[in-house]
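Visitor: Quick one: the structure is below, and I'll ask about it shortly.
The values are calculated or read from the model by the stated rules, or taken from the named source; none is laboratory data. Only a predicted model underlies this, so the values are computations on that prediction, with no experimental measurement involved. In this analysis, Cβ positions are derived from the backbone assuming ideal geometry, glycine residues included, and neighbour counts consider all displayed protein chains. Quick note on the areas: whole protein, heavy atoms, side chains included, nothing else; ligands and nucleic acids left out. Shrake-Rupley method; radii C 1.70, N 1.55, O 1.52, S 1.80 Å.
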Amino acid sequence: MAEERILYELHPKQEQAMWLLGLVGDEENPRPVEELFFGGAAGGGKSQIMRAAAAYVALELYPGGRSALFRRRRTELFATHLDKIRQEIPESLAVWKGEPEYEFRWVTGHVTQFCFCDHEDDIFGYGSYEWDAAFFDE
């Protein structure tokens, strides 16, 4: 990315998660994990780290790629992620495409889809999608 910009102020546990994923400190962590489970009490920053990682993937790792962020219910997806990320990410970096797409189109050409599965069988609707990264919140 041409201009350096801090989108998210992360606390130490979130920074450690980004390091474990290999999103920061690439020289220090030559073998990042492929899956990371981040737990804790409500308000601990789990959802924020997902949005931060999704932004990093879109802006730095996979220009022109695709990613997805999942939440179980549509109402939770909006309350936990969409309402917040639309305030956190400036329009100069990504354009929001609302219903039915539910996606951010980043300046790098990356597309981040925001997905939900209100019913267990809804997951089958995503069977043919291809993503460079996927984030699952709860």
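Visitor: From the helices alone, meaning DSSP H stretches of at least four residues, give me the mean residue ellipticity at 222 nm for the chain, per-run term -39500 (n - 2.57), in deg cm²/dmol to the nearest 500.
Guide: Values: 4 runs with 30 residues, N = 138.
That calculation yields -5500 deg cm²/dmol at 222 nm.
Visitor: For Lys97, go through the lysines and keep the ones whose alpha-carbon is under 23 Å away, minus same-chain ones fewer than eight residues off.
Guide: Reachable lysines: Lys84.
Visitor: Quantify, in whole percent, the carbon and sulfur part of the accessible surface of the chain (1.4 Å probe; protein heavy atoms only). It would help to have the intermediate numbers written out before the result.
Guide: Working: 4250 of 8650 Å².
So the carbon and sulfur contribution to the accessible surface is 49 percent.
Visitor: Suppose a student asked you for the relative contact order of the chain, using Cα pairs under 8 Å spaced at least 6 residues apart; what percent would you report? Could the numbers behind the result be given before it?
Guide: Details: 176 pairs, mean separation 36.5, N = 138.
Relative contact order comes out at 26 percent.
Visitor: Let me ask you something else. Along the Cα→Cβ direction, 7 angstrom out, place labels at Arg72 and Trp19. What is the inter-label distance in nm?
Guide: Modelled inter-label distance: 3.2 nm.
Visitor: When DSSP beta bridges are limited to those with both residues in the chain, what percentage is antiparallel, rounded to the nearest 5?
Guide: Once the DSSP bridges in the chain are tallied, antiparallel ones form about 40 percent.
Visitor: Turning to a different aspect of this structure: What shape does region 89-138 have by the C-alpha gyration tensor, where a ≥ b ≥ c are the square roots of the eigenvalues, rounded means a/c under 1.5, and otherwise prolate means a/b greater than b/c and oblate the rest? Write out the running numbers ahead of the final one.
Guide: On the way: a/c = 2.26, a/b = 1.90, b/c = 1.19.
The shape class here is prolate.
Visitor: Let me check I've understood the local charge: for Asp137, count other residues with C-beta under 9 angstrom from its C-beta, Lys and Arg +1, Asp and Glu -1. What total comes out?
Guide: Details: positive: Lys46, Arg71, Arg72; negative: Glu76, Glu138.
It works out to a net charge of +1.
Visitor: Still on this structure, I have one more. If you average the C-alpha positions of region 35-79 and of region 99-125 separately, how far apart do those two centres end up, in angstrom?
Guide: 12
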